[in-house]
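Okay, structure first, notes after.
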Amino acid sequence: MSFAQPLFLIGTLAALIPLLVHLFDRRRPREVPFAALDFVLRSQKRTASRLRLKRLLLYILRTLILLAVPLALARPSFGSGDTVDTRRGLAATTVVLDTSLALRWSDGTRLFDLAKDEAKSALRDLSPEEPATVLVCTRAAQIAAPLGFERTRLIAAIDDAQPGFGSVDLNQCLEQATRALDDSPLPNRRIVLVSALTQSALRLEAPPPVGTTAKGEKLKPEFVVRDVAKGKTLGNRALIDVHAEAAPQLGPRAWQFTFTVRNFAAEAVRDVELRLEVNGDVVQKGFVDVAADGTAQKTLAWRFDAKPLGATRQGGETGGAATVTGRLEADALADDDARSVVLSVPRALTALVVNGAPSSQKYRDEAFFTDAALSATGSPVRAVVRDADAAWREKLADYDVVVLLNVEAPPAEAARGLREFVEAGGGLFISVGDRVDPDAWNLAMADVLPRKLRVVKTAVEPNAPDAATRAARLTQVSLNHPVLAPFTGRAREGLLSTRFFRYALFEGDGTANAAQTEVLGTMDDGAPVFLASRRGKGRVFVFASTVDRDWCDLAIRTSFLPLMQRIAAWLTGTLDEREEVKAEVGGQVLLTPEPGQSPAWARAPSGAEVALTALPDQQPRQLGGQTQQFGGGPLPEPGAYVVVDAQGTVLPKLGFAAAIDPGASNLSRHSLDALTDWAGEDSVRVAGGGGPQSQTPMWTWLLTIAVLAFFFEGVLLRR
């Protein structure tokens with residue numbers, strides 16, 4: 001038992017008054033015989049026992065009244081832990097409420113709900129003369145409100161608090177709490193820390209906070225610790241990473257996802273279910289074993305042309321943005337059991353391959369190798385091969401890419417159709433050959449070509465005895481471009497070892513289209529080989545040699561198949577493999593939109609909106625232009641975010657996912673001995689731990705007993 005106002009216990013001495021009165025009443029007067037009263041005395045003897053019982057009850061009731069009133073004013077209470085210690089006198093108090101991810105842990109009752117009850121209980125334990133404030137410790141820097149005596153406002157602040165999704169800096173919050181106490185004239189300072197005491201939130205290597213009195217003297221506050229975990233070990237496992245990559249070996253538009261699972265508990269876990277969700281639908285399941293305090297990886301795959309999602313869904317046959325989530329079987333902290341990634345899934349592409357030099361011998365056919373590459377396993381493109389005459393009768397809008405292989409300059413109507421096709425967003429691939437007349441092409445398609453054609457250069461005749469050694473070779477390739485990004489290491493050597501016997505030369509970079517053109521590869525003489533450019537909404541890619549074996553041997557190199565597939569994908573925009581956005585809950589996000597896009601908001605899974613603003617720094621685009629970057633935050637919760645512009649139009653390629661910091665999932669706790677060593681043995685006490693019932697006030701019951709005793713005393717006196 002403890003007392004909030006122990007000085008009122010002096011009033012319990014008043015309970016001796018009925019006893020003293022009783023002792024005075026026991027003095028016997030001298031007896032004087034009186035005959036007339038003998039009859040009355042004999043009658044009283046018959047009721048003497050009843051009168052003695054009545055006097056005894058009156059004595060007890062009066063004693064209870066005089067004892068209960070001062071005890072009630074002293075405000076006694078029973079509790080499972082120590083209440084606020086008043087032996088030092090009145091103290092200014094700051095209640096620090098931890099809101100870190102650990103407080104979302106639940107074994108039936110969420111720790112944060114217990115924490116709020118503990119914080120309110122700490123306020124109720126204070127004397128009315130003690131000023132107090134509440135500091136809700138979040139990831140963002142907080143400043144405690146001024147000390148005051150209005151408990152209702154402080155309790156409302158506790159009720160409005162919500163747990164976060166990351167770590168908090170309790171050291172900084174304790175510093176702020178100490179600064180708030182410096183404004184108090186009282187000599188004693190107290191900080192009530194309501195927390196799960198996780199090691200990620202409180203760093204004991206940092207010195208404890210020390211306040212300053214009005215005279216400039218250093219004063220260490222008293223720490224009252226309310227451990228909402230009640231000493232329990234908070235076991236947890238979490239998904240801490242996901243890596244997504246294309247898996248062409250599994251088929252076209254297939255991806256595989258490698259999830260990393262971390263077990264923070266001291267016991268191993270086995271057969272934990274891991275579900276793969278695509279746009280909210282469970283498409284794959286697996287099981288994973290994780291050693292005690294260890295990690296494990298699990299890989300699950302999915303083809304986005306599979307039918308269960310439906311052809312009209314995002315990520316289905318039509319492509320688009322898809323949200324892929326790995327979700328572990330839920331434990332006591334379910335918030336870190338899921339991790340998401342937002343993919344730009346390429347749609348199924350169609351290519352019109354225009355064969356400028358057909359041949360009955362398939363190995364000499366201009367389109368043979370290209371058709372084989374685009375039709376190979378894992379290719380996102382379905383190719384339709386036509387000769388030039390048939391191709392110009394096709395409706396180009398039905399295709400995503402037009403591939404012109406050694407084709408003569410198109411007639412005027414076909415040239416106009418190609419220009420409109422590219423301007424509207426189509427992709428155009430051009431390879432040269434003996435049927436490509438530079439002057440005719442410049443006349444028909446100069447405004448589409450990255451650079452004007454000039455002449456054809458012969459490095460060596462293909463049939464010459466020393467052709468293999470005298471052939472021209474690639475010396476420089478732009479590996480930072482999406483088309484050529486995979487060609488590193490041995491793959492790069494396979495590309496650079498290509499032998500060129502003939503190739504086209506282009507006009508210099510002073511032409512009108514040069515500003516929008518990028519040279520992706522050059523010969524040993526500096527002549528461009530790969531040229532990429534943008535025209536309107538579309539793209540153009542030119543190869544300075546042939547895609548058969550007439551002018552070079554690229555077609556029989558291992559690099560040819562992935563090169564052609566990636567060129568086709570880039571021409572349709574599906575290869576714009578944006579840099580994966582790494583975003584954490586509570587942090588900022590940085591987005592790079594396409595030209596003309598102006599994102600305004602990032603919408604969280606719960607519907608909360610985060611404003612996005614343009615940043616002053618400019619980043620160069622791949623083709624020499626500039627684009628504006630946008631940023632915003634803090635991000636309030638984990639999961640997939642949808643980005644919209646000011647008109648509410650969704651910008652799917654800018655979607656991203658925010659993840660929980662893996663460090664916050666480590667719920668290892670500090671021991672109370674460690675806290676005592678940190679702050680000093682004379683500065684740390686433990687209180688609470690039992691929720692709202694940990695302190696049971698008794699003074700109201702004592703007042704009730706006093707009132708009832710007074711009532712029954714009156715009843716006895718009337719009889």
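Going through (1) surrounded by fewer than 18 Cβ atoms within 10 Å (Cβ to Cβ); (2) over 46 Å from the mean Cα position of the chain (by Cα); (3) over 18 Å from Lys452 (Cα atoms) one by one, Asp434 falls short only on (3). Taken as a whole, the structure places Pro634 among residues that are modelled with pLDDT of 90 or more and not assigned by TED's automatic domain parsing to the domain that holds Pro221. For region 645-679, a residue qualifies if it is surrounded by fewer than 17 Cβ atoms within 10 Å (Cβ to Cβ), outside any helix (DSSP H, G or I) and either assigned by TED's automatic domain parsing to the domain that holds Leu174 or of a type in the set (A, V, I, L, M, F, W, C) (or both), and the qualifying residues are Ala646, Val650.
Count of region 172-204 residues, restricted to those that are part of a strand (DSSP E or B) and more than 14 Å from His670 (Cα to Cα), is 5.
Residues in region 369-390 that are more than 17 Å from Val432 (Cβ to Cβ) and assigned to a helix (DSSP H, G or I): Asp371, Ala372, Ala373, Leu374, Asp389, Ala390.
Just to be sure, is Leu343 at pLDDT below 95, at negative phi and either of a type in the set (S, T, N, Q) or not in a helix (DSSP H, G or I) (or both)? Write out each step before concluding.
Working: at pLDDT below 95: yes; at negative phi: yes; either of a type in the set (S, T, N, Q) or not in a helix (DSSP H, G or I) (or both): yes.
Answer is yes for this residue.
If you go through region 660-719 and keep only what is at pLDDT 75 or above, among the small types (Gly, Ala, Ser) and farther than 19 Å from Lys232 by Cβ, you end up with Gly663, Ala679, Gly680, Ser683. Assessment of region 311-321 against the conditions (at pLDDT 90 or above, in contact with a Ser or Thr (Cβ under 7 Å, 6 or more places away or on another chain) and not assigned by TED's automatic domain parsing to the domain that holds Asp398) yields no matching residue.
Scanning region 246-258 for residues that are under 15 Å from Gln297 (Cα atoms) and out of contact with any Asp or Glu (no Cβ under 7 Å at 6 or more places or on another chain) gives Phe257, Thr258. Among the residues of this structure, Ala409 counts as one that is more than 24 Å from Thr574 (Cβ to Cβ), in the same structural domain as Ala446 (by TED's automatic domain parsing) and among the aliphatic types (A, V, I, L, M). Arg435 falls short on exactly one of the conditions (1) touching a residue at least 60 places away in the same chain (Cβ under 8 Å); (2) assigned to a loop (DSSP other than H, G, I, E, B); (3) in contact with a Lys or Arg (Cβ under 9 Å, 6 or more places away or on another chain), and that condition is (3).
Does at least one position in region 567-577 carry a residue that is in contact with a Gly (Cβ under 9 Å, 6 or more places away or on another chain), under 21 Å from Leu453 (Cα atoms) and either at pLDDT 90 or above or not in a strand (DSSP E or B) (or both)? So far as region 567-577 goes, yes, one or more of its residues are in contact with a Gly (Cβ under 9 Å, 6 or more places away or on another chain), under 21 Å from Leu453 (Cα atoms) and either at pLDDT 90 or above or not in a strand (DSSP E or B) (or both). The strands (runs of 3 or more DSSP E) falling completely within region 468-549 that include 1 or more residues that are touching a residue at least 60 places away in the same chain (Cβ under 8 Å) map to 502-506, 517-523, 528-535, 538-543. Every condition in (1) among the aliphatic types (A, V, I, L, M); (2) within 17 Å of Ala555 (Cα to Cα); (3) part of a loop (DSSP other than H, G, I, E, B); (4) out of contact with any Lys or Arg (no Cβ under 9 Å at 6 or more places or on another chain) holds for Ile430 except the one numbered (3). Do we have Glu408 as part of a loop (DSSP other than H, G, I, E, B) and closer than 13 Å to Leu352 by Cβ here? Answer is no for this residue.
One residue stands out in region 372-412 among those that are touching a Ser or Thr at 6+ places or on another chain (Cβ under 9 Å) and not hydrophobic (A, V, I, L, M, F, W, C): the one that is surrounded by the most Cβ atoms within 10 Å (Cβ to Cβ), namely Pro380.
The values are calculated or read from the model by the stated rules, or taken from the named source; none is laboratory data. What you are looking at is a predicted structure, and each value in this text was computed from that prediction instead of being measured. A quick note on method: Cβ atoms are made from the backbone with ideal geometry, for glycine too, and the neighbour counts reach across all protein chains shown.
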